[in-house]
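A short write-up of the structure that comes next.
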Amino acid sequence: MTGTDQPVTVAADDERLESLAEFAAGAGHELNNPVATIVGRVQLLMSDESDPARRQALATIAGQAYRIRDMIADVMLFARPPVCEPQDGDLVEAVDEVIRGVVDGHSDREGRVVRSGEGPVPIHADPTQLAIVIGELLTNALEADREGGRVDVVVTAGDQAVLEVRDAGPGLDETERRHLFDPFFSGRQAGRGLGFGLPKCWRIVTLHGGRIEVETREPTGLSVRVFWPSTN
């Protein structure tokens, strides 16, 4: 981080979120039906298709349709997330489980994620939503560094449980810093797929009474720190 940079944070805008929620509800209903039809037709065609090239083309169509479905789900999760059902747990255990899921089956990710910090680190969080946050941060960090560099995950305990994810990717320019939590902004042109990842994380964290900070590292990379309420 440079001498003038400060951690990026964001405040809620209830009116904007409500407008997004209304848009997401309408768009989700209108788009999910044709997407489901496309997927169904593709599956039907694939059942009778033996040509490898055509099967690959059909698989690509289905994959893009599923991508549309997932983007709709991301919008709806951001705008109107499910009610949190927090439970007492251990952040270290949660992080280790998500790391296994993110790395397993991806040979290019093996050995890249290094977790430090001893447990237990008490945390009060909805287990499913906590896993979404951890997974988004890890995936973003891994995809940011095209050179296959290391991703450091640090878990510490205190007044709050703290999760920090550091990567050696391209970092952020000033425009990306300003739009970091904007759900319609993407930093893919800089090699970092922001999209709905960080806005979704921010939404979940703030609903838990926590906060999220992002800093550009020197000479390159990003550090994302998430502060979660500990168990009482």
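Read-outs throughout are calculated quantities, based only on the coordinates presented, and are distinct from any laboratory measurement. As the structure is a computational prediction, the values presented were derived from the model and not from experiment. Positions of Cβ are generated from backbone atoms using ideal geometry, with glycine treated the same way; all protein chains shown enter the neighbour counts.
Each peptide among 223-229, 38-44 gets the average number of other Cβ atoms lying within 10 Å of its residues, and from highest to lowest they stand as 223-229, 38-44. Defining a contact as two alpha carbons under 8 Å apart and six or more residues distant in sequence, what relative contact order in percent does region 87-229 show? The normalised contact order for region 87-229 reaches 24 percent. Under a 5 Å amide H cut-off, with hydrogens placed 1.01 Å from N, Ala161 pairs with Trp228, Ser230 among residues at least 5 apart or on other chains. The H on the amide N of Val151, modeled in the peptide plane, is under 5 Å from the matching H of Val113, Val114, each at least 5 residues off or on a different chain.
Rounded to the nearest 20, the Cβ-based charge dipole of region 14-79 about its Cα centre (Lys and Arg +1, Asp and Glu -1) stands at 380 debye.
The shape of region 87-229 comes out oblate: with a ≥ b ≥ c from the C-alpha gyration tensor, a/c is at least 1.5 while a/b does not beat b/c. Classify region 14-79 as rounded, prolate or oblate, taking a ≥ b ≥ c as the square roots of the eigenvalues of its Cα gyration tensor: rounded when a/c is under 1.5, otherwise prolate if a/b is larger than b/c and oblate if not. Prolate shape, in that a/c is at least 1.5 and a/b is the bigger ratio.
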